[in-house]
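*Asks:* If you scroll down you'll find the structure; I have some questions about it.
The values are calculated or read from the model by the stated rules, or taken from the named source; none is laboratory data. It should be emphasised that the depicted structure is a prediction, and the values quoted were computed from it without experimental measurement. Every residue, glycine as well, gets a Cβ built from its backbone with ideal geometry; the counts of neighbours run over all protein chains shown.
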Amino acid sequence: AQSVTQLDSQVPVFEEAPVELRCNYSSSVSVYLFWYVQYPNQGLQLLLKYLSGSTLVKGINGFEAEFNKSQTSFHLRKPSVHISDTAEYFCAVSKRGNFNKFYFGSGTKLNVKP
Amino acid sequence: NAGVTQTPKFQVLKTGQSMTLQCAQDMNHEYMSWYRQDPGMGLRLIHYSVGAGITDQGEVPNGYNVSRSTTEDFPLRLLSAAPSQTSVYFCASSTGDRGGVGEAFFGQGTRLTVV
């Protein structure tokens, strides 16, 4: 079975500072990895995904994430955040060959301060 | 370009009432699923479907029923609402990796309160 751990429930950061949101997963099989963002009172929007190939994945809004198989991690990074990045971020995994089930972490609330 | 559409957006139920949350997608996706979102717990899978006529249980199926008579629609039924079912419900659809897209598309959510 898969499980996803997001170590930080809240991350406060000042505008234009770099940020890293951490995600670790456990799985006995190969997985696909995703980061979703949820703005207040909205649904989830895909930021980026790792399916195969290069371990550094670039997404929308200047975000990127690096897949580390040995550490079973998929941390999300942005070199310079904006006020508009304030949202909740979810890491998710799905089993290879099966997009029926997504397993989500508990979420990290990013609060960007001016 | 509607994507995944959920109705209603908000609903208040009394304990014991039943209701159906509607979900429709116009992307011809095979896979559809329902999640509930509770504070500090992320999203948890309730039920999912791999195609018309085929459904299965997720992590937290108790108190919910689903059916899938068409590719487009995947309604979620609450048989007898309980306060523990107060949550935000999300419907999602995905192509599966054969489609090469490999992601889930989410609706805007239904905020349900059971009193």
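*Asks:* With A:Glu88, A:Glu20 as the choices, which residue is over 28 Å from B:Arg36 (Cβ atoms), at pLDDT 90 or above and of a type in the set (Asp, Glu)?
*Replies:* Step by step, each of A:Glu88, A:Glu20 is checked, and only A:Glu20 is over 28 Å from B:Arg36 (Cβ atoms), at pLDDT 90 or above and of a type in the set (Asp, Glu).
*Asks:* Between a residue in the stretch B:102-115 that is at the interface with chain A (Cβ under 8 Å from one of its Cβ atoms) and under 26 Å from B:Ser80 (Cα atoms) and any residue that is not in a strand (DSSP E or B) and not aromatic (Phe, Trp, Tyr), which pairs come within a Cβ distance under 7 Å, given they are 6 or more apart or on different chains?
*Replies:* Matching pairs, first to second residue: B:Phe106/A:Gly43; B:Gly107/A:Gly43; B:Gln108/A:Gln42; B:Gln108/A:Gly43; B:Gln108/B:Lys9; B:Gly109/A:Gly43.
*Asks:* Something else: Working only within the stretch B:41-53, note down all residues that are more than 9 Å from chain A (Cβ to nearest Cβ) and surrounded by fewer than 21 Cβ atoms within 10 Å (Cβ to Cβ).
*Replies:* B:Gly51, B:Ala52, B:Gly53
*Asks:* Another question, if that's okay. What is the number of the single condition among (1) touching a Phe, Trp or Tyr at 6+ places or on another chain (Cβ under 7 Å); (2) modelled with pLDDT under 95 that B:Leu76 does not meet?
*Replies:* (2)
*Asks:* While we're looking at this one, here's another question. What number of residues within the stretch B:15-40 are surrounded by fewer than 18 Cβ atoms within 10 Å (Cβ to Cβ), touching a residue at least 40 places away in the same chain (Cβ under 8 Å) and under 19 Å from A:Phe90 (Cα atoms)?
*Replies:* 1
*Asks:* Kindly indicate which of A:Gly53, A:Gly43 is over 12 Å from the mean Cα position of the chain (by Cα) and under 30 Å from B:Ala52 (Cβ atoms).
*Replies:* Answer to the selection: A:Gly43.
*Asks:* Let me ask you something else. Given the residues A:Val57, A:Val81, which is the only one that is without any contact (Cβ under 8 Å) to a residue 12 or more places away in the chain, within 29 Å of A:Pro114 (Cα to Cα) and of a type in the set (A, V, I, L, M, F, W, C)?
*Replies:* A:Val57
*Asks:* Restricting to the stretch A:1-49, name every residue that is in contact with a Pro (Cβ under 8 Å, 6 or more places away or on another chain) and not charged (D, E, K, R).
*Replies:* Of all residues in the stretch A:1-49, those in contact with a Pro (Cβ under 8 Å, 6 or more places away or on another chain) come to A:14-15, A:18.
The answer is A:Phe14, A:Pro18.
*Asks:* Next question. Has the stretch B:55-78 got at least one residue that is of a type outside the set (S, T, N, Q), within 9 Å of chain A (Cβ to nearest Cβ) and assigned to a loop (DSSP other than H, G, I, E, B)?
*Replies:* yes
*Asks:* Quick check, is B:Arg44 within 14 Å of the chain's Cα centre (by Cα), under 25 Å from A:Ser9 (Cβ atoms), assigned to a strand (DSSP E or B) and not hydroxyl-bearing (Ser, Thr, Tyr)?
*Replies:* The answer is yes for B:Arg44.
*Asks:* Oh, and also: Can you tell me which residue is nearest to A:Tyr36 (Cα to Cα) among those in the stretch A:68-94 that are facing chain B (nearest Cβ under 10 Å) and either more than 11 Å from the chain's Cα centre (by Cα) or of a type in the set (D, E, K, R) (or both)?
*Replies:* This residue is A:Glu88.
*Asks:* Considering only residues that are assigned to a loop (DSSP other than H, G, I, E, B) and among the hydrophobic types (A, V, I, L, M, F, W, C), which ones fall in the stretch A:1-59? Let's see the steps before the verdict.
*Replies:* Pass one, the stretch A:1-59, residues assigned to a loop (DSSP other than H, G, I, E, B): A:1-2, A:6-9, A:15-18, A:22-23, A:27-30, A:39-43, A:51-55, A:59.
A:Ala1, A:Leu7, A:Ala17, A:Cys23, A:Val29, A:Leu51 - these are the residues of the stretch A:1-59 that are assigned to a loop (DSSP other than H, G, I, E, B) and among the hydrophobic types (A, V, I, L, M, F, W, C).
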